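The values are calculated or read from the model by the stated rules, or taken from the named source; none is laboratory data. Small disclaimer: the values here were computed from a predicted structure and weren't measured. Cβ coordinates were reconstructed from backbone atoms using ideal geometry, including for glycine residues, and neighbour counts include every protein chain displayed. Note: accessible area is taken over every heavy atom of the protein model, side chains too, but ligands, DNA and RNA are not part of it. Shrake-Rupley method; radii C 1.70, N 1.55, O 1.52, S 1.80 Å.
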Amino acid sequence: MEQPITVVSRDDYLHRLPRQANSVPRRFSYVAISDYHWLEAARALGLSHVPVWVRCMPPDSIAAFVLRRHEYDDHLGPLDEARLFSAALNAPGQTESQNAFARRLGWSTTKASHRLALLRLLPDQQAALADNRLSLAEARNLLTTPRSPQASVPRTFDPASE
């Protein structure tokens, strides 16, 4: 292993990514936020010890760090990306524009704008998107059509049809 695995406290991680609570067992005090594929490889090889770098990071810094590393995995959904992007973009000391920050992450400016727009969805619509009852395309359509008091969320969605 060329460099240590970066870990943060479980509490700090879940403060920024509460929807990941089911994927982080309570018995763990720390969560690997980078190079965790090395951790999986070490487990497969039966290693009992691996080098780690314990980072004390404010939740908004964790947001930016996780987003930068996200290109290597797929555990974040579009709403998680939106929340993390917003938190990192608005973190104290962050001076980059939305477009510059998006480019640094390897995102298009359109992707950044679309992700941030998801935060304007109504709570039931956000829940439907998170649970795959609403596709990303349908969510974007909801954002571009005028809201009515009876705006509803489709009750069925087949992720395979996307």
- Query: Among the residues of segment 105-141, how many are assigned to a loop (DSSP other than H, G, I, E, B) and either touching a residue at least 24 places away in the same chain (Cβ under 8 Å) or of a type in the set (A, V, I, L, M) (or both)?
  - Reply: 8
- What's the number of the condition Ala100 fails, among (1) closer than 16 Å to Leu67 by Cα; (2) open to solvent by 40 Å² or more (accessible area, probe 1.4 Å)? (2)
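Report yes if some residue within segment 11-24 is more than 19 Å from the chain's Cα centre (by Cα) and at pLDDT 85 or above; otherwise report no. Give the derivation first.
Taking segment 11-24 and keeping what is more than 19 Å from the chain's Cα centre (by Cα), we get none.
No - not one qualifying residue is present in segment 11-24.
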- Task: Please go through segment 11-53 and pick out each residue that is under 26 Å from Pro78 (Cα atoms) and among the basic types (Lys, Arg).
- Result: Arg16, Arg19, Arg26
- Take segment 2-36 and flag every residue that is open to solvent by 90 Å² or more (accessible area, probe 1.4 Å) and in contact with an Asp or Glu (Cβ under 8 Å, 6 or more places away or on another chain). Gln3, Arg19
- Item | Val54 open to solvent by 30 Å² or more (accessible area, probe 1.4 Å), more than 29 Å from Leu143 (Cα to Cα), in contact with a strand residue (DSSP E or B) (Cβ under 8 Å, 6 or more places away or on another chain) and not small (Gly, Ala, Ser) | yes
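Taking segment 21-36, which residues are touching a strand residue (DSSP E or B) at 6+ places or on another chain (Cβ under 8 Å) and in a helix (DSSP H, G or I)?
Within segment 21-36, the first condition is being touching a strand residue (DSSP E or B) at 6+ places or on another chain (Cβ under 8 Å), and the residues that meet it are 24, 29-36.
Scanning segment 21-36 gives a single hit, Tyr36.
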- Go through Leu39, Leu79 for me and flag whichever is surrounded by 14 or more Cβ atoms within 10 Å (Cβ to Cβ), part of a helix (DSSP H, G or I), aliphatic (A, V, I, L, M) and at pLDDT 85 or above. Leu79
- Note on the structure: Within segment 49-76, the residues that are among the polar types (S, T, N, Q) and modelled with pLDDT of 85 or more are none
